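The values are calculated or read from the model by the stated rules, or taken from the named source; none is laboratory data. Owing to the predicted nature of the structure, the values given are computational and were not obtained by experimental measurement. Note that each Cβ is placed from the backbone with ideal geometry, even for glycine, and that neighbours are counted across all protein chains shown. Accessible surface is based on the protein model in full, side chains and every heavy atom, while ligands, DNA and RNA are left aside. Shrake-Rupley method; radii C 1.70, N 1.55, O 1.52, S 1.80 Å.
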Amino acid sequence: QVQLVESGGGLVQPGGSVVLSCEVTGTFFSIHVMGWHRQAPGKAREMVAVHTSGGASTVADSVKDRFTISRDYAKNTVHLQMNNLKLEDTAVYYCNALVRRVNGGVRRDYWGQGTQVTVSS
């Protein structure tokens, strides 16, 4: 069974920083994409940043000057460094991974349970 284990988040003041981490655990063949999405109250879930197995990354325009995504291939982990946080960054952040469980099998999307980030003074 593949699971995504998230850590980080919490309450942070405007202008502060926080790091979110997500590890893919369980038995699988390969991970193709890892990333973060977020959902603010009353809004749709949106992509924040994704990192492909080829090393390319995409970061949403709304955060690209403040957020950085990085990936540790050896530890099957992705990190989201969030700097200069703003009130509008308050949301539940979800880790996502596109995983192939067996060689030759289909790739499937997996999601973490979400971690709350609240930006407030």
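Overview of values
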| item | result |
| --- | --- |
| Pairs, first open to solvent by 10 Å² or more (accessible area, probe 1.4 Å) in segment 80-105, second assigned to a loop (DSSP other than H, G, I, E, B) and among the charged types (D, E, K, R), C-beta under 6 Å, six or more apart | N83/R66; N84/R66 |
| In segment 52-72, the residues that are over 27 Å from P14 (Cβ atoms) and in contact (Cβ under 8 Å) with a residue 12 or more places away in the chain | T52, S53, R71 |
| Any hit, segment 21-39, residues being under 11 Å from the mean Cα position of the chain (by Cα) and among the basic types (K, R) | yes |
| Some residue of segment 57-78 being in contact with a Cys (Cβ under 9 Å, 6 or more places away or on another chain) and either open to solvent by less than 30 Å² (accessible area, probe 1.4 Å) or modelled with pLDDT under 95 (or both) | yes |
| Some residue of segment 26-34 being exposed (fewer than 12 other Cβ atoms within 10 Å of the Cβ), among the β-branched types (V, I, T) and on the phi < 0 side of the Ramachandran plot | yes |
| Selection within segment 40-53 - part of a strand (DSSP E or B) and either among the hydrophobic types (A, V, I, L, M, F, W, C) or farther than 18 Å from V78 by Cβ (or both) | M47, V48, A49, V50 |
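To keep it simple, each residue is scored yes or no on (1) among the hydroxyl-bearing types (S, T, Y); (2) in contact with a helix residue (DSSP H, G or I) (Cβ under 9 Å, 6 or more places away or on another chain).
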{"site": "V78", "(1), (2)": "no, no"}
{"site": "M82", "(1), (2)": "no, yes"}
{"site": "E88", "(1), (2)": "no, no"}
{"site": "Y93", "(1), (2)": "yes, no"}
{"site": "A97", "(1), (2)": "no, no"}
{"site": "G105", "(1), (2)": "no, no"}
{"site": "D109", "(1), (2)": "no, no"}
{"site": "G112", "(1), (2)": "no, no"}
